[in-house]
Amino acid sequence: QALVRQTWQMLDDNAWRQALELGFIRDSAFPPVEVSARAPQWDASDTSEAVGLNVLFRPDPSVWDGRFANLGWLQELPKPISKLTWDNVIGLSPALA
């Protein structure tokens with residue numbers, strides 16, 4: 001507690017106690033930032049030019065496209081098919097492996 005208190009020396013005792021009770025310091029968040037990103041749109045059913053291996057990227061079932069990645073407990077959930085946690089997987093047929 002002393003080490004953290006050194007970091008927040010600018011708080012008086014009342015504000016420090018309130019921060020400990022609440023678990024955060026009010027009005028200490030960074031201002032929101034406008035972000036716009038577009039994921040490429042793929043049509044997985046279009047195999048007209050398929051040659052060799054095809055890679056299909058899918059959103060994670062628990063953290064989706066990364067928007068819930070700051071909730072670490074969601075990453076503890078096993079994936080529905082592979083049952084993996086905190087990991088990535090490439091699904092291959094035995095013949096290809």
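Observations on the structure shown:
- Some residue of segment 26-44 being out of contact with any Leu (no Cβ under 7 Å at 6 or more places or on another chain), at pLDDT 80 or above and surrounded by 10 or more Cβ atoms within 10 Å (Cβ to Cβ): no
- Note on segment 3-25: among residues that are among the aliphatic types (A, V, I, L, M) and assigned to a loop (DSSP other than H, G, I, E, B), the one that is surrounded by the fewest Cβ atoms within 10 Å (Cβ to Cβ) is MET10.
- Taking the criterion of being over 21 Å from SER36 (Cβ atoms) and among the aliphatic types (A, V, I, L, M), the residues of segment 56-97 that qualify are LEU56, LEU71, LEU74, LEU77, ILE81, LEU84, VAL89, ILE90, LEU92, ALA95, LEU96, ALA97.
The values are calculated or read from the model by the stated rules, or taken from the named source; none is laboratory data. No experiment lies behind these values; they were computed from the predicted model shown. Counting neighbours? That spans all protein chains shown, and the Cβs are built from the backbone with ideal geometry, glycine included.
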